[in-house]
Amino acid sequence: MQIKLRGYLLGILSSISYGLIPIFILPIKQARFSMDITLFYRFFFSALMVGIYLIYSKQNFRINKKEALILAILGICYALSSEFLFIGYDFLTPGIASTVLFIYPVIVALIMFFFYKEKLNRLSVVSLFLAFAGVIVLCLKGNGFEINFAGLGIVMLSSLFYALYMVIVNKSKLKVSGFKLTFYSMLFTSLFFMSKSVIGQQSFAIPSMTILVNFLIFAFLTTVISSLCLVYAIKSIGSTPVAILGALEPVVAVMVSVFMFNEKFTTNLLIGITLILLGVTLNVISDRKNTAHA
């Protein structure tokens with residue numbers, strides 16, 4: 001009972017910490033600081049922290065060529081997901097962007113259906129309709145039916161690359177620990193943004209101690225804590241309950257946006273979030289039923 005309770009608490013903590021991203025990203029965007037440099041430091045410091053843990057727990061860092069290639073692809077997928085999410089913040093509010101990102105479990109279901117011939121049951125189909133209806137509602141402007149296609153498309157790309165990350169982790173059968181996978185994913189993600197910054201001839205200088213502390217807290221709270229809690233929560237209660245608890249991510253992001261950045265909590269926002277959360281929860285339950293019958 002205690003193990004299950006701890007698992008649920010860790011799952012909630014993982015979702016809350018990931019949902020705090022707007023707190024750190026929005027001030028940096030408003031200060032017009034380079035997003036590539038910001039994301040480089042976020043993932044570099046995260047890799048450093050997880051690397052220190054690997055050394056502390058006496059795990060080796062050795063990987064073979066095949067694993068290195070898969071982990072590099074995972075890093076690129078994670079990097080592109082982050083890139084498109086933060087570009088999406090320029091077109092949609094952080095609350096809406098974070099909610100649209102959360103349809104990635106539905107995209108995973110579609111990828112598995114089209115490319116791996118996994119069956120979609122009725123519950124899965126209903127979940128797809130609910131999630132996409134929610135996305136359309138979120139992107140309605142004012143009282144009309146004018147959809148912000150640019151914002152929707154960009155954040156959907158973010159969701160697609162995150163879904164690809166999940167599928168590759170699932171199908172590649174990597175024989176590495178969760179911590180080692182997280183370490184190398186973050187390392188390759190940071191290398192992606194470092195390369196982009198070098199090509200763009202951007203300065204890696206951190207202008208003040210305040211920004212350095214911001215980067216360290218950003219990396220620790222939204223990436224390391226979220227990832228580590230996720231790993232332990234899955235071990236304690238399994239992936240299905242953790243995936244359902246993940247529904248808290250967009251809710252936290254919306255609350256942060258409403259209370260800290262004066263985002264308006266509109267009827268569209270309420271209906272859109274509700275439809276997406278219902279859709280994703282149904283998708284996860286449907287996935288659990290499929291697994292049980294397999």
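The values are calculated or read from the model by the stated rules, or taken from the named source; none is laboratory data. All of these numbers come straight from a predicted model, not from anything done at the bench. We place every Cβ from the backbone using ideal geometry, glycine too, and count neighbours over all the protein chains shown. These accessible areas exclude ligands, DNA and RNA; they are computed on the full protein's heavy atoms, side chains included. Shrake-Rupley method; radii C 1.70, N 1.55, O 1.52, S 1.80 Å.
Details
- Under the condition of being under 25 Å from the mean Cα position of the chain (by Cα), free of Cβ contacts under 8 Å to residues at least 12 places away in the same chain and not in a helix (DSSP H, G or I), the residues counted in segment 45-76 number 0.
- Residue within segment 206-219 that is part of a helix (DSSP H, G or I), aromatic (Phe, Trp, Tyr) and under 14 Å from Tyr41 (Cα atoms) present: yes
- Verdict on Ala253 being closer than 15 Å to Leu13 by Cα, part of a helix (DSSP H, G or I), among the aliphatic types (A, V, I, L, M) and modelled with pLDDT under 80: no
- Every condition in (1) under 18 Å from Ile37 (Cβ atoms); (2) open to solvent by 60 Å² or more (accessible area, probe 1.4 Å); (3) part of a helix (DSSP H, G or I) holds for Tyr232 except the one numbered (1).
- Checked against (1) crowded, with 20+ Cβ neighbours inside 10 Å; (2) at pLDDT 85 or above, Val135 passes all but a single condition, namely (2).
- Given (1) open to solvent by less than 60 Å² (accessible area, probe 1.4 Å); (2) among the β-branched types (Val, Ile, Thr); (3) at pLDDT 90 or above, index of the condition Ile111 fails: (3)
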